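Report on one structure; see the data block that follows.
Read-outs throughout are calculated quantities, based only on the coordinates presented, and are distinct from any laboratory measurement. Source: prediction; values computed, not measured. Here the Cβ positions follow ideal geometry from the backbone for every residue, glycine too, while neighbour counts run over all protein chains shown.
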Amino acid sequence: MNDDLPLADGAQARPYLSLRAPQPHYLRIRDQLVTDLARDLLPADSQLPAERELAERFACTRVTLRQALQLLESDGLIYRQNRRGWYVSPPRIRYDPTRISGFMEYVTAQGRTPRTECLQAQRGPAGAWLAKRMGLDHPEQQVFHLQRRRWVDQRPVLLEYNVLVAEWCPELLGQDLSTSLTQLLRERFGHVQSRSALLMHPETLDEKQAAQLQASPGSNGFYLERLSFGEQGQPVEFDREFWRPDALAVVLETQGAPL
């Protein structure tokens, strides 16, 4: 078939040329690194070559290379450790937030090593915002404020802010808060959470949160908010979680209605 198109005066037009622009170099670099990861040439948690070496390999500037690396980071395939370089992301933790099970429990069940670091623990009044959000009787009601950082293997993946009603677990601050709160509440205080209300959405990490999770300032994160109720249906805990987005896969099980 002749693709030359006749013009009105009988002359021949030039053959049709593709208008598709060539792929930018940083996208080609990204695609090659994705291929390397798919072939297991770079195992999980292994360090990528230094940026200088990668720039020499792909014959590009460091600026172009970082464009490619940032795309891989946003896809959850690699992560950066401050002053140490780039690493291959391990498999995401599978997390069903509808199940009342502790971080330590479900991470261990997936063959990973969890660790909890208590950054702050104090007792004080709930305040107006928390009292309204939790449905407490008044803003002066006493609660425990906890801030903890959770690790999987060698990487911080989660910042957790817990508020617990003090009268529900009065001696909480005297306990080891670097372990599972779910287990501690059950074994030390004889309490279980009967149900929870959940809220989840993407969230940008602020500068302090990003630093604590070894992420870039302004990085995307995943936010989970949980209000939990005790055995009598009373509000007992308010939990806010800020996750690294490359560390988490939310998995929910559903069942169809019977025929």
**Sites R186 and Q81 - FRET efficiency at Förster radius 41 Å, r taken between beta-carbons, to 0.05** = 0.70
**Message:** Placing one identical point scatterer on every Cα of segment 25-88 and ignoring solvent, what is log10 I(q)/I(0) from the Debye formula at q = 0.17, 0.20 Å⁻¹?
**Reply:** -0.51, -0.72
**Message:** Using a Debye calculation, one point per C-alpha and no hydration shell, please list log10 I(q)/I(0) for the chain at q = 0.08, 0.10, 0.17 Å⁻¹ in order.
**Reply:** -0.46, -0.64, -1.29
**Complete:** Taking alpha-carbon centroids only, segment 121-161 lies from segment 69-85 a number of Å equal to 30 Å
**Complete:** The relative contact order of the chain, taking Cα pairs under 8 Å that sit 6 or more residues apart, comes to a percentage of 17 percent
**Request:** For helix 62-74, report the angle its Cα long axis makes with the longest principal axis of the Cα atoms of the chain; keep it between 0 and 90° and round to the nearest 10°.
**Result:** 50 degrees
**Request:** Pop the C-beta distance of R195 and V34 into the FRET formula with R0 = 41 Å and round what comes out to the nearest 0.05.
**Result:** 0.45
**Item:** Estimated 222 nm signal from helices in the chain, with DSSP H stretches of n ≥ 4 weighted -39500 (n - 2.57), rounded to 500
**Value:** -7000 deg cm²/dmol
**Message:** Could you compute the net charge surrounding L227? Neighbours are other residues with a C-beta less than 14 Å from the C-beta of L227; K and R count +1, D and E count -1.
**Reply:** +1
**Cβ-Cβ FRET estimate between A50 and T98, R0 fixed at 51 Å, reported to 0.05** = 0.75
**Request:** Note down the relative contact order for segment 25-88 as a percent, whole number, built from C-alpha pairs under 8 angstrom at least six residues apart.
**Result:** 41 percent
